[in-house]
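All remarks here apply to the structure that follows.
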Amino acid sequence: MPLYHKLGKIPQKRHTIFKKDNGDLHYEQLFGTIGFDGMSSLIYHLHRPTQIKTIEEPLDITPKAAVEYNITSRLLEGFQIRPEEDYLESRNTILFNSDVHVALAAPRSSVSDYFYKNADADELLFVHRGTGTLKTFLGEIPFEYGDYLLIPRGMIYQIEFDGADNRLLIAESYHPIYTPKRYRNWFGQHLEHSPFCERDFKLPGNLEAFDEKGEFLLKIKKQGQLHHVVYATHPFDVVGWDGYNYPYGFSIHNFEPITGRVHQPPPVHQTFETSAFVVCSFVPRLYDYHPEAIPAPYNHSNIDSDEVLYYVDGDFVSRKNIDKGYISLHPAGIPHGPHPGTYEASIGKTKTEELAVMIDTFKPLQLTQTALDIDDGKYYKSWLE
Ligand SMILES: [Fe+2]
């Protein structure tokens, strides 16, 4: 996050003596990415963050490919994913490659008896249903319908849901997730033509330090394994921190659409970027205002990317038979476009209420059995006249 933030108590100068009330020292930790070149935060703990008691056997959660080589357009009915009590068990990877894993989750319960860290990947959660609080060792972020939650790799967190009806779309990115570079100046500030700016971000607050010793289970995802590591002190023992590496939220409802006289290409919807995929937000907006404009998209050959579109709400102009939580997958190598009739029907329309999240990957995606289980199986023929 190219925005300086700080919470709690920190010493005036970094790497200097910082005492507790009883005269003992706090324990400083540099929490950064990309070696020492990426964004980082300096964190002050009550206890050494290194006190491991036991390490138990890991659980292999590597996604398995049911379809390794895919050229079939697919329609996945996302809400058919069964709810599970536990947050981590509820996460079903459906599509993946070596850069990103896309998962759907319907967790019913909050994470309270363990802590979680993804050591390999930034996590981008999109909240389709449910409200609650993301609790991290750098503070809390309340969330609601429409929020993206960006959790940088290494962040220790729990997630608290207010109710049992929750639906999440999750992208685990093995490359850092940033806002698009073209929307930022050379200092990182979002420019005037950006569809969002710093005021729109939900930054962590409510930092609380727990001074507790005992047994604290931290589930750490690394190399496809869920390691179970028991620490001797409470992982949320941070009294203060400052820097640039921290979780944040952003509501899709705060994405200000860029419109034009004729059809605008998908990059105007871009919200996040990585070196291996992009995330776009399709939000309610006015349509193209050229008198002869065709608002529906043209057929296009996304020859370099697999295109995953997650339908959130509203009518989708170019599609038939689409419901909330559906996912279309349009693989690289073949063109795709509006369904028969929708191209013509879009002419003269002045606005759309569609709400969708798109993940375009530069490498092809593989499908898991879970994806096949919710695949309608006939979507690829839906353009036949
Ligand atoms: Fe497309």
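Where a number appears in this text, it was derived from the coordinates with a stated rule and is not lab data. Nothing here was measured: the structure is a model prediction, and the numbers come from that model. Cβ: placed from backbone, ideal geometry, glycine included. Neighbour counts: every protein chain shown.
Numerical summary
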read-out	value
Residue check for Gly224: more than 16 Å from the ligand (Cβ to nearest atom), in contact (Cβ under 8 Å) with a residue 40 or more places away in the chain and crowded, with 21+ Cβ neighbours inside 10 Å	no
Of all residues making up segment 311-335, the number that are farther than 19 Å from Val283 by Cβ and within 12 Å of the ligand (Cβ to nearest atom)	6
Selected residue [touching a residue at least 24 places away in the same chain (Cβ under 8 Å), over 16 Å from the mean Cα position of the chain (by Cα) and closer than 26 Å to Asp313 by Cα] from Ala164, Ala209, Ala171	Ala164
Pairs, first within 13 Å of Tyr298 (Cβ to Cβ) and of a type outside the set (Val, Ile, Thr) in segment 330-344, second more than 11 Å from the ligand (Cβ to nearest atom) and not in a loop (DSSP other than H, G, I, E, B), C-beta under 8 Å, six or more apart	Gly337/Tyr343
Strands (runs of 3 or more DSSP E) wholly inside segment 44-125 containing at least 1 residues that are buried (at least 18 other Cβ atoms within 10 Å of the Cβ) and over 19 Å from the mean Cα position of the chain (by Cα)	74-77
Tally, over segment 336-385, of residues that are part of a strand (DSSP E or B), among the acidic types (Asp, Glu) and more than 16 Å from the ligand (Cβ to nearest atom)	1
Count of residues meeting criterion [part of a loop (DSSP other than H, G, I, E, B) and surrounded by 14 or more Cβ atoms within 10 Å (Cβ to Cβ)] in segment 1-28	8
Count - residues of segment 128-180 that are assigned to a strand (DSSP E or B) and under 23 Å from Leu218 (Cβ atoms)	23
